[in-house]
Amino acid sequence: MTTREKILAAVANNQPPKSELPDLSAFKTGEVGSVEQFVQVLTNIGGKAIHVNSWEEIAAFITENYSTTRVVTPIAELTGFKGIPENSDPHGLYDVELAVIKAHFGVAENGAVWITEDNMGLRVLPFITQHLAVVIDGGEIVPTMAEAYDKISLLPSYGFASFIAGPSKTADIEQSLVIGAHGPRSMTVFIKT
């Protein structure tokens, strides 16, 4: 037996006893997620919500507000904007001003959206862009994170995913708030009805 195998065997033999998982039912409301609460929380954390009825409204907003910048999206319904070719080099996204991606759902209690890598185009896209826009269906908002995790367990398998809530921000240095310190400077959520 090698030293590595001995160490792994020792670790396997020294596990704490198994215990029952806690009952989390107290965190589940059983209610439908509130679009109004989602919008309020998103606004409070520095994001922006826009109610839309169609992909055309989203495209018009993007064209009106980001006409002179590099806009990329993996969303097929948003024709007229640059897509992300398969097997693209993430370094090619260094100058993206606006990325538009779909989210599976939103969480009312914290204004977060759940995005898997199949909706990102490239994993780095929602983090490297200057501004992030996310599209969610208004009927896909859950009230709490407990319901969010239940919903995640029902999704098909994925490799990478993330909750994203508002633009990046930090107040680590002298308690001075900096928006966009390590990610997008703004986040807009298009809520489709």
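Set side by side, the residues Glu20, Glu77 differ, and just one is surrounded by 10 or more Cβ atoms within 10 Å (Cβ to Cβ), among the charged types (D, E, K, R) and at pLDDT 85 or above, which is Glu77. Might you let me know whether the stretch 83-102 holds any residue that is modelled with pLDDT of 95 or more and open to solvent by 50 Å² or more (accessible area, probe 1.4 Å)? For the stretch 83-102, residues modelled with pLDDT of 95 or more and open to solvent by 50 Å² or more (accessible area, probe 1.4 Å): present.
Screening the stretch 73-112 for residues that are under 21 Å from Ile164 (Cβ atoms) and hydroxyl-bearing (Ser, Thr, Tyr) and picking the one that is nearest to the chain's Cα centre (by Cα) gives Thr73.
Please find, within the stretch 37-72, the residue that is farthest from Lys102 (Cα to Cα) out of those that are open to solvent by 90 Å² or more (accessible area, probe 1.4 Å) and more than 19 Å from the chain's Cα centre (by Cα). Show your work before the answer.
Going residue by residue through the stretch 37-72, those that are open to solvent by 90 Å² or more (accessible area, probe 1.4 Å) are 40, 44, 48, 51, 53, 56, 64, 68.
Those left that are additionally more than 19 Å from the chain's Cα centre (by Cα): 53, 56, 64, 68.
Details: Asn53: 15, Glu56: 15, Glu64: 20, Thr68: 23 Å.
Checking each candidate, the answer is Thr68.
Out of all the residues in the stretch 40-89, which are closer than 13 Å to Val135 by Cα and aliphatic (A, V, I, L, M)? Listed by number, the residues that qualify are Ala49, Ile50, Val52, Ile58, Ala59, Ile62, Ile75, Ala76, Leu78. Could you tell me how many of the residues in the stretch 160-175 are open to solvent by 60 Å² or more (accessible area, probe 1.4 Å) and at pLDDT below 90? Within the stretch 160-175, residues that are open to solvent by 60 Å² or more (accessible area, probe 1.4 Å) and at pLDDT below 90 number 5. Contact annotation: residue pairs with Cβ atoms under 6 Å, 6 or more positions apart or on different chains, pairing a residue in the stretch 124-135 that is closer than 22 Å to Trp55 by Cβ with a partner that is open to solvent by 30 Å² or more (accessible area, probe 1.4 Å) and among the basic types (Lys, Arg), are Val135/Lys102.
The values are calculated or read from the model by the stated rules, or taken from the named source; none is laboratory data. Not measured: the values here are computed from a predicted model. A quick note on method: Cβ atoms are made from the backbone with ideal geometry, for glycine too, and the neighbour counts reach across all protein chains shown. To get the accessible areas, we keep the full protein, side chains included, count just its heavy atoms, and leave off ligands, DNA and RNA. Shrake-Rupley method; radii C 1.70, N 1.55, O 1.52, S 1.80 Å.
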